[in-house]
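S.K.: A single structure is presented below for examination.
The values are calculated or read from the model by the stated rules, or taken from the named source; none is laboratory data. What you see is a predicted model; the values in this text were computed from it and never measured. FYI the Cβ positions are ideal-geometry reconstructions off the backbone, even for glycines, and counts take in every protein chain you see.
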Amino acid sequence: MRTVFADTVYWSALINLRDQWRSAALQATKALGDVQMVTTQEVLTEVLNLSCSYRPLRAAAVVLVRRLEQREGVEVVRSSPESFAAGLAVYDARPDKEWSLTDCVSIALMEERGLTEALTHNHHFIQAGFITLF
């Protein structure tokens, strides 16, 4: 089964009806069909952080995170000292890039698992050599 990484941009677009990437995220979801998705707790932390100032969106983010942790077809990779160290290694190795630590943790995970596609429009994933799906 095809496995893709799901980034902050993707999850945020799904819960925010006004998000500029919502249509692209929905189209990508439909085009993919039955896939395994992988995301990280760091990504979900970003979704929650981005949603914290608007109550309806904040509530939707909480529902999303709780559902994802129970959903078949989505693996939420837990934060760990090892994932932090792997992300920090990528962060340290690429001082020429403006990648966040969350992006670096995601990139390290994708490299470790041999994933090539990410549900995102974030150009940092393209810079890292991955395919973005919207």
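S.K.: Would you check if there is a residue in the range 77-94 being under 20 Å from THR3 (Cα atoms), of a type in the set (Lys, Arg) and without any contact (Cβ under 8 Å) to a residue 60 or more places away in the chain?
M.R.: Yes.
S.K.: Are there any pairs with C-beta distances below 7 angstrom linking a residue in the range 18-35 that is free of Cβ contacts under 8 Å to residues at least 40 places away in the same chain to a residue that is part of a helix (DSSP H, G or I), with the two at least 6 apart or on different chains, and if so which?
M.R.: Note: pairs meeting the criteria are ASP19/SER12; ASP19/ALA13; ARG22/ALA13.
S.K.: Right, something else. I need the full set of residues from the range 1-39 which are among the small types (Gly, Ala, Ser) and modelled with pLDDT of 95 or more, in order please. Walk me through how you get there before you give the answer.
M.R.: Kept after step one, since they are among the small types (Gly, Ala, Ser), are these residues of the range 1-39: 6, 12-13, 23-25, 28, 31, 33.
ALA6, SER12, ALA13, SER23, ALA24, ALA25, ALA28, ALA31, listed by residue number.
S.K.: What residue, of GLN27, GLN70, GLN36, GLN41, is touching a Phe, Trp or Tyr at 6+ places or on another chain (Cβ under 9 Å) and among the polar types (S, T, N, Q)? Explain how you work it out, then say what you get.
M.R.: Numbers: GLN70 fails: touching a Phe, Trp or Tyr at 6+ places or on another chain (Cβ under 9 Å); GLN36 fails: touching a Phe, Trp or Tyr at 6+ places or on another chain (Cβ under 9 Å); GLN41 fails: touching a Phe, Trp or Tyr at 6+ places or on another chain (Cβ under 9 Å).
Just one listed residue meets the conditions, GLN27.
S.K.: Report whether or not GLU117 is at pLDDT below 95 and within 16 Å of the chain's Cα centre (by Cα).
M.R.: Working: at pLDDT below 95: no; within 16 Å of the chain's Cα centre (by Cα): yes.
Criteria not met by GLU117.
S.K.: Can you find, within the range 3-24, the residue that is surrounded by the fewest Cβ atoms within 10 Å (Cβ to Cβ) among those that are under 10 Å from the mean Cα position of the chain (by Cα) and not β-branched (Val, Ile, Thr)?
M.R.: This residue is SER12.
S.K.: Can I ask one more? Restricting attention to the range 69-76, does a residue exist that is assigned to a helix (DSSP H, G or I) and either of a type outside the set (D, E, K, R) or under 15 Å from the mean Cα position of the chain (by Cα) (or both)? Give the derivation first.
M.R.: In the first step, residues of the range 69-76 are kept if they are assigned to a helix (DSSP H, G or I); the result is none.
No, the range 69-76 has no match at all.
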